[in-house]
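First the structure, in the form of structure tokens, and then the observations on it.
Laboratory data are not the source of any read-out in this text; all were calculated from the coordinates shown. Not measured: the values here are computed from a predicted model. Heads up, the Cβs are rebuilt from the backbone with ideal geometry, glycines too, and the neighbour counts pull from every protein chain shown.
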Amino acid sequence: MKTPPLLPPASIGILGSGQLGRMLAIAARQMGYRVHVFSPDRHSPTGQIADQEFTAPYDDLDAVRQFARSVDVVTYEFENVPAATAVTCAQFAPLHPGPQALHVAQNRLREKEFMVKHALPVAPFVAVGSLASLLVGLEEIGVPAILKTATSGYDGKGQALIQPPTTNLQSQATAAWDAIDHQSAILEAFVDFEREVSVVAARGADGSFAHFGVIANDHANHILDVSTAPANVPPKVAKEAVAMAQAVLEALDVVGVLCVEFFLTGNGRLLINEIAPRPHNSGHLTIEACATSQFEQQLRAICGLPLGDTTYLKPAAMANLLGDLWFQHDNPKSEITNHQSPNWTAVLAHHPAVKLHLYGKQTARPGRKMGHITALAATGEEAANIVRKARARARARVGIPL
């Protein structure tokens with residue numbers, strides 16, 4: 001029997017309270033839904049938008065039950081939600097995407113094994129549980145290679161690069177093993193990629209599929225810096241990337257939005273790097289660029305509504321705004337006072353196409369994602385140029401040169 005769609009003013013439950021939850025909450029409120037959020041943080045980016053904020057540790061299952069009873073459906077805005085928390089929620093309300101997607105995405109080794117099982121291409125890898133197994137893995141994989149913690153790593157955290165020469169391989173391996181605090185890990189062959197791209201896509205409760213095409217991603221210090229859509233890749237590559245993303249969503253039986261991140265090599269080969277079973281940083285540009293944003297699409301999918309049109313109105317680009325912008329160039333440890341915050345007037349004055357999104361985070365830190373800007377233009381390259389130059393103007397303050 002087909003489940004009827006969940007219509008406004010039903011309550012949407014969000015596990016996690018960062019910027020992804022905030023933008024989902026904005027989309028939900030716009031469509032007339034109520035929003036409840038659960039996280040350990042009070043007055044969070046999502047909590048500022050939500051109707052009700054449940055503040056408790058994720059392992060406080062009594063509080064989790066209270067939260068789950070208060071909503072009609074539950075989703076999550078980051079994949080490091082404890083499994084017990086997600087399972088507890090699912091006892092009281094539908095959980096989308098389901099526990100299987102969460103289970104796979106939470107562990108890099110499980111993620112890679114899942115891809116191999118479903119004949120999806122990944123870089124060579126081996127499991128690492130000790131220094132001895134790391135040395136054996138290096139013999140098998142070769143160098144350069146990257147050692148990554150199996151869990152909890154993001155934006156380059158929990159990673160160590162091992163590279164030639166091999167004459168000091170033992171000392172490099174020991175240093176890498178120490179750097180990740182002897183945690184369960186995965187060793188991956190280093191991929192000499194030409195660029196990084198992603199596909200943000202959605203699957204409805206009825207199995208319907210929609211995608212936002214291929215998005216090109218530029219990183220700085222392992223953190224996403226600028227995304228551009230549509231990516232300038234050959235049509236054959238774009239078709240293959242979308243097909244792989246659909247295969248992942250179907251194999252995981254996802255209801256909701258999921259992002260697949262790829263390495264694209266110089267010979268046009270795609271390798272899956274990782275997945276995120278939720279809206280993704282690279283998809284933020286869809287808010288302005290597409291008929292339906294990734295956040296509205298997530299809402300539609302988890303509520304059993306028809307998926308929306310993902311047509312691009314124009315090419316677009318997004319630039320992240322990191323906490324570094326709040327700090328002085330000559331003294332990165334000296335935080336700028338509130339009245340000397342980034343010059344948003346100068347940012348918006350650069351070009352009328354620039355749109356500003358701030359996440360409501362109370363404290364700026366170097367590397368912390370505080371917001372983003374987007375722009376639409378005749379080409380993706382032009383849009384990327386606009387957001388880069390506009391972001392540079394954020395430092396147009398007294399005593400801080402552009």
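Identify, among Pro306, Gly213, Gly283, the residue whose Cα sits farthest towards the positive end of the charge dipole of the stretch 193-395, taking +1 on the Cβ of Lys and Arg and -1 on the Cβ of Asp and Glu, with the dipole about the Cα centre.
My answer, from the dipole projection, is Gly283.
I want to verify a result. In a Gaussian network model of the chain, Cα cutoff 10 Å, which of these has the top mean-square fluctuation: Glu188, Glu77, Glu139?
It is Glu139.
Using a 10 angstrom cutoff on alpha carbons, build the Gaussian network for the chain and name the most mobile of Ile373, Ile141, Ile215.
Checking each option, the largest mean-square fluctuation is seen for Ile141.
Compare Pro165, Pro57, Pro144 in a GNM of the chain, Cα atoms joined below 10 Å, and give the one with the largest fluctuation.
Pro165
Sequence-distant or interchain residues sharing an amide H contact under 5 Å with Arg365, placed H: which?
Sorted by chain and number, the residues that satisfy this are Gly323.
Cα-based count: Lys pairs in the stretch 193-395 below 26 Å, eight or more positions apart or different chains?
Final tally of qualifying lysine pairs is 13.
Among the aspartates and glutamates, select those whose C-alpha is under 13 Å from the C-alpha of Lys2, and discard any that sit fewer than 8 residues away in the same chain.
Asp206
For the stretch 64-95 and the stretch 212-237, what is the separation of their Cα centres, given in Å?
32 Å
Specify whether the C-alpha gyration tensor of the stretch 194-308 places it in the rounded, prolate or oblate class, a ≥ b ≥ c being the square roots of the eigenvalues: rounded for a/c under 1.5, otherwise prolate if a/b is larger than b/c and oblate if not.
On the way: a/c = 1.88, a/b = 1.47, b/c = 1.28.
Taking the square roots of the gyration eigenvalues as a ≥ b ≥ c, the stretch 194-308 is prolate.
Rounded, prolate or oblate: which fits the chain when a ≥ b ≥ c are the square roots of the eigenvalues of the alpha-carbon gyration tensor, with rounded for a/c under 1.5 and prolate only if a/b beats b/c? Numbers along the way, then the final one.
Numbers: a/c = 1.34, a/b = 1.09, b/c = 1.22.
Rounded, since a/c falls under 1.5.
For Leu376, which sequence-distant residues (separation of 5 or more, or a different chain) have an amide H within less than 5 Å of its own amide H, given hydrogens modelled in the peptide plane?
Close amide H contacts, sequence-distant or interchain: none at all.
Calculate for the chain the 222 nm mean residue ellipticity that helices alone would give, adding -39,500 (n - 2.57) per DSSP H run of length 4 or more and normalising by residue count, nearest 500 deg cm²/dmol. Mind showing how you got there, number by number?
Values: 12 runs with 118 residues, N = 402.
Only helices count here, giving -8500 deg cm²/dmol.
Just how large is the dipole of the chain about the Cα centre, in debye to the nearest 20, putting +1 at every Lys and Arg Cβ and -1 at every Asp and Glu Cβ? Before the final figure, lay out each step's value.
Values: 33 positive and 36 negative charges, 197 e Å.
Charge dipole, the chain, about its Cα centre: 940 debye, nearest 20.
By average Cβ neighbour count within 10 Å, what is the ranking of 382-393, 270-281 from highest down?
Values: 382-393: 20.8, 270-281: 23.2.
In descending order of packing, they fall as 270-281, 382-393.
Among the aspartates and glutamates, select those whose C-alpha is under 15 Å from the C-alpha of Lys112, and discard any that sit fewer than 8 residues away in the same chain.
Leaving aside aspartates and glutamates fewer than 8 places away in the same chain, those within reach of Lys112 are Glu188, Glu261, Glu274.
Taking neighbour Cβ counts within 10 Å as the exposure measure, how do Phe38, Phe209, Phe327, Phe125 sort from fewest upward?
Numbers: Phe38 32, Phe209 15, Phe327 18, Phe125 23.
Placing the least packed residue first, the sequence is Phe209, Phe327, Phe125, Phe38.
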